[in-house]
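Throughout, read-outs are computed from the coordinates displayed, never taken from laboratory work. Keep in mind the model is a prediction, meaning the values are calculated, not measured. Quick reminder, even Gly has a Cβ in these numbers, built from the backbone with ideal geometry, and neighbours come from all protein chains shown.
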């Protein structure tokens, strides 16, 4: 959508500027409030624990993008800027109700705080960190499991996949789909659930079509994920 396209354009511009100036890091101004919004957006998508982990303190190539203010609320960050005579620029899109994050910021979060009391933002930010720790551990487990569930030809063995905990198995399947060429940003939980059913609910289904012209099919007890 337009919000994702705008984000990609911003990072492309930042990458260009960082490379031109030889910058070791780019500091971003995301605050605890932004983190809370990101967690709620991930929850609404139903995309799993990784989407609930919010924004990382460091991300991008070699950790180029740093977010030093994730533990500060937005108002404190703004007040600090004013105290240092630093100009604060407000993106007009942040008050445009046409955008989901804007509606969440000005309507959704205030409604939650009214219903549940103060502390919602802090609790959501804390959830992000706990979710990130869990997601990182599961990703590490899945990376090791990926090697163990393949035969000598590198194909995924359905019996070994079936024996894995569901959260680990789905991560293995997602890794395999991305390696086959499915774009990570277009590969949603519903896609992985369909592929998972080839392992856990096999009834002779046809191949599953995935984003990026990738298909997943079961052949002779093996799961094949490839370009179609």
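Results, tabulated for the structure shown:
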{"item": "Rg and Dmax [Cα atoms of the stretch 33-74; Å; Rg one decimal, Dmax integer]", "result": "11.2, 30"}
{"item": "Length-normalised contact order of the chain in % [C-alpha pairs under 8 Å, at least 6 apart]", "result": "16 percent"}
{"item": "Alpha carbon centroid spacing (whole Å) that separates the stretch 1-73 from the stretch 176-194", "result": "22 Å"}
{"item": "Kirkwood-type radius of the stretch 60-197, with distances r between different C-alpha atoms, in Å", "result": "19.1 Å"}
{"item": "Per residue convex hull volume, Cα atoms of the stretch 1-143, in Å³", "result": "139 Å³"}
{"item": "Protection-proxy order for peptides 159-170, 188-199, each taking the mean of Cβ atoms within 10 Å per residue, highest first", "result": "188-199, 159-170"}
{"item": "q = 0.13, 0.23 Å⁻¹: log10 I(q)/I(0) that the Debye formula gives for the stretch 80-125, counting C-alpha atoms only", "result": "-0.44, -0.86"}
{"item": "C-alpha long axis of helix 189-200 to longest principal axis of the chain, angle in °", "result": "20 degrees"}
{"item": "0 to 90° range, to nearest 10: angle between helix 2-21 axis and the chain longest Cα axis", "result": "80 degrees"}
{"item": "0 to 90° range, to nearest 10: angle between helix 32-45 axis and the chain longest Cα axis", "result": "30 degrees"}
{"item": "Ratio Rg/Rh [Cα only; Rh per Kirkwood] for the stretch 149-227", "result": "0.92"}
{"item": "The chain - share of DSSP beta bridges that are antiparallel (%, nearest 5)", "result": "90 percent"}
